[in-house]
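**Q** Got a structure for you, questions after.
What follows is calculated from the coordinates using simple rules that are stated; it is not laboratory data. Nothing here was measured: the structure is a model prediction, and the numbers come from that model. As a convention, Cβ positions derive from the backbone with ideal geometry for all residues, glycine included, and neighbour counts pool all protein chains shown.
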Amino acid sequence: MEPETDIGALLSKEMFFSGTQVNYFMVCKTKLWLFSHFVTMEQSSDLVSYSKFVHETSYGAQKKEIVIDNRIAIDFVQKGDTLILHEVKKGKRLEKAHRYQLLYYLYYLKELKGMEKVGGEIDYPLLRKKEKVALTEDVKEEIKSILNEIQKVIALPEPPQPSYLKICRKCAYFEFCFV
């Protein structure tokens, strides 16, 4: 019997998360844990509503929110020789989290779905800027490590103690963590 060669079979299904979880891991482990345990506060956040408005009103001709496997939700894609995934963000304040969310999408499509010609771009329409994102071999290893760490955080019996950061005051979970 030949060994299994399907990458989808080799990668644990539990090791794949949503892009939001990868983003939250980069921002705050407490937020990641709460969100992953179905404590959602975003629906009451004015900032989240504003971000959704920017997303919905930018790039009007593009088909929005392409969901794959109920795990990743790509803001829109640009078809061509290479499929370009686009993430629309209102500002660069959480740029690192934005980059890793999009890098995760590229990783997911390349490693699990076997797509080779995939690239990424983060769009900041309010700033009129774009940032290209590429998945290198080094970044693939980093993503694997991040996925392992996400799994560890989610498996904790209770949320990690929050650390107060500058961005906390604007977070939908602020009252949950600090009041």
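**Q** So if I check each of Glu158, Glu137, which one is loosely packed, with under 12 Cβ neighbours inside 10 Å and within 20 Å of Gln21 (Cα to Cα)?
**A** Every option except Glu158 fails the conditions.
**Q** Next up: Can you confirm whether Glu158 is among the acidic types (Asp, Glu) and either farther than 19 Å from His37 by Cβ or not in a helix (DSSP H, G or I) (or both)?
**A** When the stated conditions are applied, Glu158 passes them.
**Q** If I ask for residues that are in contact (Cβ under 8 Å) with a residue 24 or more places away in the chain, out of contact with any Phe, Trp or Tyr (no Cβ under 8 Å at 6 or more places or on another chain) and farther than 16 Å from Gly80 by Cβ, which ones from segment 105-128 would you list?
**A** Tyr105, Tyr107, Lys110, Glu111, Lys113, Gly114, Ile122, Tyr124, Leu126, Leu127 - these are the residues of segment 105-128 that are in contact (Cβ under 8 Å) with a residue 24 or more places away in the chain, out of contact with any Phe, Trp or Tyr (no Cβ under 8 Å at 6 or more places or on another chain) and farther than 16 Å from Gly80 by Cβ.
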